[in-house]
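Everything on this sheet refers to the single structure shown next.
Rule-based calculations on the coordinates, nothing more; no lab input. Note that this is a predicted model, so its numbers are computed, not measured. Glycine also receives a Cβ, built like all others from the backbone with ideal geometry; neighbour counts cover every protein chain displayed.
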Amino acid sequence: MKNGKQQQPVDSDLRWRWYVLDEMKPRLLYDMLALREAIFVIEQNCIYQELDGLDKAAQHLLVTEGKVVIACLRVLPPAGQQACVRIGRVAVSSSWRKHGIARSMMLRAIEKVQQDYPSCKVYLAAQTYLKEFYQSLGFQVCGDEFLEDGIQHVPMQI
């Protein structure tokens, strides 16, 4: 790993798999979107357009326990003038937080970006309260804080 961090062991009953949208069965897609909505819209009390059209181009990492989606994130390839790959929609079910899943997902995402797009920087818009978490993964602040959908964010990249 480029940043020297090793993946933490996480429950061995979990399944980690990358998908593109066309590979997802409808029930799996529904469950991923329901998890994201439960966290980003309901839990964070934030009304915004969850279905933003970007999932179509993304690679999605889903973590499942049995048939239940417990965590997910997406990786967006470089587009247009962008020379960076974006990681976003990082979500972990509330009952699975504090198990190292977010860290393991992010390490897998960083590794995937480095394999698939070795010359690209990795970018994310972190909710400000998570800045230290992302810094522990090697991300650095690359701009000023901004308000997105009523929540403070900070741009970060590796």
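Miscellaneous remarks
- Amide H contacts for residue 126 (H built 1.01 Å from N in the peptide plane; partners 5 or more residues away or on another chain; cut-off under 5 Å): 154, 156.
- Counting lysine pairs in the stretch 66-158 whose alpha carbons fall under 23 angstrom apart, excluding pairs fewer than 8 residues apart on the same chain, gives 5.
- Applying the Karplus relation 6.51 cos²θ - 1.76 cosθ + 1.60 with θ = phi - 60° to the stretch 118-131 yields 3J(HN,Hα) values of x, 9, 9, 6, 10, 10, 8, 9, 8, 4, 3, 5, 9, 4 Hz, where x marks Gly and Pro.
- Here's how it looks for residue 121: its modeled amide H is under 5 Å from those of 85, which are all 5 or more places away or on a different chain.
- Modelled spin-label separation between residue 146 and residue 56, with each label point placed 7 Å from Cα along the Cα-to-Cβ direction: 2.3 nm.
- Rg over Rh, two decimals, the stretch 14-157 (C-alpha only, Kirkwood Rh): 0.93
- Span from the the stretch 133-147 Cα centroid across to the the stretch 22-58 one, whole angstrom: 23
- Across the stretch 34-48, rounded Karplus estimates of 3J(HN,Hα) from the backbone phi angles (6.51 cos²θ - 1.76 cosθ + 1.60, θ = phi - 60°) give 5, 5, 4, 5, 4, 7, 7, 9, 7, 4, 8, 6, 10, 8, 7 Hz, Gly and Pro being marked x.
- Between residue 57 and any residue 5 or more places off or on another chain, the built amide H atoms are never under 5 Å apart.
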